[in-house]
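The values are calculated or read from the model by the stated rules, or taken from the named source; none is laboratory data. Bear in mind the structure is a predicted one, so any value in this text is a computation, not a measurement. Cβ placement follows ideal geometry from the backbone for every residue including glycine, while neighbour counts extend to all protein chains displayed. Ligands, DNA and RNA are excluded from the accessible area calculation, which covers all protein heavy atoms including side chains. Shrake-Rupley method; radii C 1.70, N 1.55, O 1.52, S 1.80 Å.
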Amino acid sequence: AMTPQRVCAAVDERRTLVTAIAELRTLSSKIDPRIRLSGRIKTSASITRKMATKGLRQDQVLDIIGIRAITRSEADCYRLADRIGHAFVTLKSELDDYIDQPKANGYRSIHTTLAHPSGLAVEVQIRTRWMDELCSRGAAAHARYKEASLD
């Protein structure tokens, strides 16, 4: 059973996710209305696993709320990251450009974390459709990456 505090937190996370997607849709549509946005809230099990493997406290897990933006070009990835940086307070320490500096497994994406006005952190991953295909089917497939790193 979920505690009343956890129920409230889940409602806040869901509200923040919906609001942030709407705000990002407004920003991204000015670049290209075809940019696809999707979001998720990390499961309790996934949060617990990340805390254990990385030695983090729950307040240090900054990707509980995640949004993915799929663009049609690499240039649009950077345009959207730039607009997000101007429209929101972002955590500079949480900006990772894996397009310019891909991970060893070929993973490419821009990760930025915004301090949403709701008070919650929202991680945004920005990549092209090709990069997304590579993530889901290629060498950088998330399941394989998770197995290897226990992330």
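When the residues of the stretch 82-98 are filtered to those that are in a helix (DSSP H, G or I) and among the hydrophobic types (A, V, I, L, M, F, W, C), the one that is least open to solvent (accessible area, probe 1.4 Å) is 84.
Within the stretch 102-122, residues that are among the aromatic types (Phe, Trp, Tyr) reach partners that are open to solvent by less than 40 Å² (accessible area, probe 1.4 Å) with beta carbons closer than 8 Å, at six or more positions or on different chains, in the pairs 107/135; 107/140. Against the condition within 30 Å of residue 2 (Cβ to Cβ), among the hydrophobic types (A, V, I, L, M, F, W, C) and assigned to a loop (DSSP other than H, G, I, E, B), how does residue 62 come out, does it pass? So residue 62 passes the test. Among what's in the stretch 58-81 and is more than 14 Å from residue 32 (Cβ to Cβ) and without any contact (Cβ under 8 Å) to a residue 12 or more places away in the chain, pick the residue that is surrounded by the fewest Cβ atoms within 10 Å (Cβ to Cβ). Applying the filter and picking the extreme gives 59. Where residues in the stretch 99-122 are surrounded by 18 or more Cβ atoms within 10 Å (Cβ to Cβ) and of a type in the set (Ser, Thr, Tyr), which of them is farthest from residue 71 (Cα to Cα)? The residue in question is 113.
Residues that are part of a helix (DSSP H, G or I) and of a type in the set (A, V, I, L, M) were ranked within the stretch 45-57; the one that is surrounded by the fewest Cβ atoms within 10 Å (Cβ to Cβ) is 45. In this entry, residue 10 passes the filter for residues that are over 14 Å from the mean Cα position of the chain (by Cα), modelled with pLDDT under 95 and in a helix (DSSP H, G or I). Close Cβ contacts (under 8 Å, 6 or more residues apart or on different chains) running from residues in the stretch 27-55 that are in contact (Cβ under 8 Å) with a residue 12 or more places away in the chain to residues that are in a helix (DSSP H, G or I) and of a type in the set (Asp, Glu) comprise 31/76; 32/76; 35/76; 41/13.
Note on the stretch 13-44: among residues that are of a type outside the set (A, V, I, L, M), out of contact with any strand residue (DSSP E or B) (no Cβ under 9 Å at 6 or more places or on another chain) and modelled with pLDDT of 95 or more, the one that is surrounded by the most Cβ atoms within 10 Å (Cβ to Cβ) is 23.
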